[in-house]
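One structure is given here, and the rest of the page talks about it.
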Amino acid sequence: MLDSKILKELDDYIQEHLIELSLVRNQLSEEMEDFMYEEMKMTDVEDFIELNRQPSFNSVLFAFIDQKGVTDPELYKKAGIDRKLFSKIRSKTTYRPGKNTILALALALELNQDQTEQLLSSAGHSLSNNATGDLVIQFCLKKKIYDIDNVNQALVYFNEKPLTGLQ
């Protein structure tokens, strides 16, 4: 069970990051427009894709699993996901699960924030500083709160959908 001190720290963390986001949003928007315009001028798209393609979600996930030395059943049970879903992730190399499933796997693997971002990015997702649920996840990663039940409790406390179970 998360104590009131941790919940207060979590609330302060979310408020701080929501304010920071509003201060930099305009500057980033202009920079992204310039960047996107330059990227669109590329004439050889195939070369660009080949040079910039990142590893697939499947390969990133299973590299982390190997690195952490956990078995598939240990992982999907700790993450609170169904064996069939995990089997689909394992067998279909192009399958990209939803963000909450990926976050549950990252927590079960006890990945740090950079590793979690890498895993999310490999499936086309990211953690945002303007979404309360994402800030809760970032806080838990920074505090090394990896227990899925505690993370779900923190999400529910802020009226966010839990990652797994408790639906």
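Could you please find all residues in the stretch 133-149 being crowded, with 16+ Cβ neighbours inside 10 Å and assigned to a helix (DSSP H, G or I)? Full working, then the answer.
Our first condition is that a residue be crowded, with 16+ Cβ neighbours inside 10 Å; within the stretch 133-149, this holds for 133-141, 145-146, 148.
Correct list: Gly133, Asp134, Leu135, Val136, Ile137, Gln138, Phe139, Cys140, Leu141, Ile148.
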- Would a scan of the stretch 66-75 turn up a residue that is in contact with a Phe, Trp or Tyr (Cβ under 8 Å, 6 or more places away or on another chain), crowded, with 18+ Cβ neighbours inside 10 Å, modelled with pLDDT of 95 or more and not acidic (Asp, Glu)? yes
- Could you tell me which of the residues Lys78, Lys88 is loosely packed, with under 13 Cβ neighbours inside 10 Å, not small (Gly, Ala, Ser) and not in a loop (DSSP other than H, G, I, E, B)? Lys88
- Hey, any hits in the stretch 92-101 for a residue that's of a type outside the set (Phe, Trp, Tyr) and within 24 Å of Glu16 (Cα to Cα)? yes
- Item | Where Pro55 falls short, out of the listed (1) in contact (Cβ under 8 Å) with a residue 40 or more places away in the chain; (2) surrounded by 13 or more Cβ atoms within 10 Å (Cβ to Cβ) | (2)
- Task: Mind telling me which of the residues Leu127, Leu120 ends up being in a loop (DSSP other than H, G, I, E, B), touching a Leu at 6+ places or on another chain (Cβ under 9 Å) and within 24 Å of His17 (Cβ to Cβ)?
- Result: Leu127
- Only residues in the stretch 72-95 that are touching a residue at least 40 places away in the same chain (Cβ under 8 Å) count as the first member; pair them with residues that are exposed (fewer than 14 other Cβ atoms within 10 Å of the Cβ) and not in a helix (DSSP H, G or I), Cβ under 6 angstrom, at least 6 apart or cross-chain, and list the lot. Gly80/Gly165
- Task: Name, by its number, the condition in (1) of a type in the set (Asp, Glu); (2) part of a loop (DSSP other than H, G, I, E, B); (3) more than 22 Å from Pro162 (Cβ to Cβ) that does not hold for Glu110.
- Result: (3)
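Please state which one of Asn100, Asn159 is at pLDDT 95 or above, at positive phi and not charged (D, E, K, R).
Asn159
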- Per the list (1) modelled with pLDDT of 95 or more; (2) of a type outside the set (S, T, N, Q); (3) more than 30 Å from Arg53 (Cα to Cα), residue check on Leu166 breaks on (1)
- Inspect the stretch 26-38 for any residue being among the hydroxyl-bearing types (Ser, Thr, Tyr) and either part of a helix (DSSP H, G or I) or modelled with pLDDT under 65 (or both) and give the result as yes or no. yes
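The values are calculated or read from the model by the stated rules, or taken from the named source; none is laboratory data. Nothing here was measured: the structure is a model prediction, and the numbers come from that model. Note: ideal-geometry Cβ built from the backbone for every residue, glycine included; neighbour counts use all protein chains shown.
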